[in-house]
1. Provide, for q = 0.20 Å⁻¹, the log10 of I(q)/I(0) from a solvent-free Debye sum over equal Cα point scatterers in segment 94-138.
2. Please sort 43-53, 84-94 by packing, taking for each peptide the average over its residues of neighbouring beta carbons within 10 angstrom, highest first.
3. Compute log10 of I(q)/I(0) for segment 28-157 with the Debye formula, placing one identical point scatterer on every Cα and leaving out solvent, at q = 0.09, 0.15 Å⁻¹, to two decimals.
4. Rank these for me by crowding, 36, 105, going from fewest to most other beta carbons within 10 Å.
5. Taking the DSSP beta bridges in segment 28-157 as the whole, what percent of them are antiparallel, to the nearest 5?
6. Count charges around residue 80 for me, please; just the other residues with Cβ under 13 Å from its Cβ, Lys/Arg as +1, Asp/Glu as -1.
7. Dividing the alpha-carbon radius of gyration of segment 29-85 by 2.2 N^0.38 Å (N being the number of residues), what value is obtained?
8. Summing Lys, Arg as +1 and Asp, Glu as -1, what charge do residues with Cβ under 9 Å from the Cβ of residue 149 carry, residue 149 excluded?
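Each reported figure results from applying straightforward, stated rules to the coordinates on display, with no laboratory input. This one's a predicted model, so the numbers in the text were calculated from it and none came from an experiment. All Cβ positions, even for glycine, are placed from backbone atoms using ideal geometry, and neighbour counts span all protein chains on display.
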Amino acid sequence: MWKQRLRLPLAMLAALVFYWAADRAWGIGFYLRETKEELKLKYEVTVQDHKTGRVTVVFALVDEGRLKPLDEVQLVIPAQEKNEDGSNWMDLVVSIDMVKSDGEKRVGRVHLLKELAERGQIQLNTHTIDGKMDGLTRLHHVIPIAKYMNNSKDIDTPPAAKRK
């Protein structure tokens with residue numbers, strides 16, 4: 001009799017453990033080491049410095065290359081402090097709205113503090129490489145924004161917008 005009463009709780013416990021394990025396995029992701037050229041990606045990154053402590057990052061994606069189709073393009077700001085295991089928490093992770101422009105070109109803009117842009121990244125995320133999809137593996141191509149900060153275009157702020 002007591003065995004019959006334990007069946008349902010044990011089945012529920014087994015289901016809970018299975019669900020928990022599946023939930024953890026779903027989030028596996030890998031950072032790609034291949035270069036932009038090796039992945040046949042075509043994109044441009046420009047940083048516009050407003051001289052107000054803020055910048056506008058413009059990301060223009062011309063060709064998704066070997067990562068086609070991309071799942072999303074994200075702005076990621078890693079935390080300054082590292083965890084004990086060497087990994088980072090993220091201070092900010094947001095999707096960049098990519099709007100179609102000339103032909104197949106898609107453009108996304110992000111306006112943020114210059115200090116955040118210096119440690120920020122644009123990440124191209126996909127589950128597909130070379131046309132082969134793996135639903136359990138997420139792939140990330142990382143584009144550090146700091147690399148483009150030195151080539152930033154200065155934008156004069158209108159006098160009315162300048163702060164004293």
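1. Debye output, listed in q order: -0.88.
2. Peptide ranking by packing, descending: 43-53, 84-94.
3. Debye intensities relative to I(0), on a log10 scale: -0.27, -0.75.
4. Values: 36 13, 105 16.
Exposure proxy ranking, most exposed first: 36, 105.
5. Numbers: 37 of 42 bridges.
The answer is about 90 percent antiparallel.
6. Working: positive: 82, 119; negative: 81, 91, 115, 118.
The answer is -2.
7. Details: Rg = 14.9 Å, N = 57, 2.2 N^0.38 = 10.2 Å.
Taking N as the residue count of segment 29-85, the ratio is 1.46.
8. Values: positive: 114, 147; negative: 49, 118.
With Lys, Arg at +1 and Asp, Glu at -1, the neighbours total 0.
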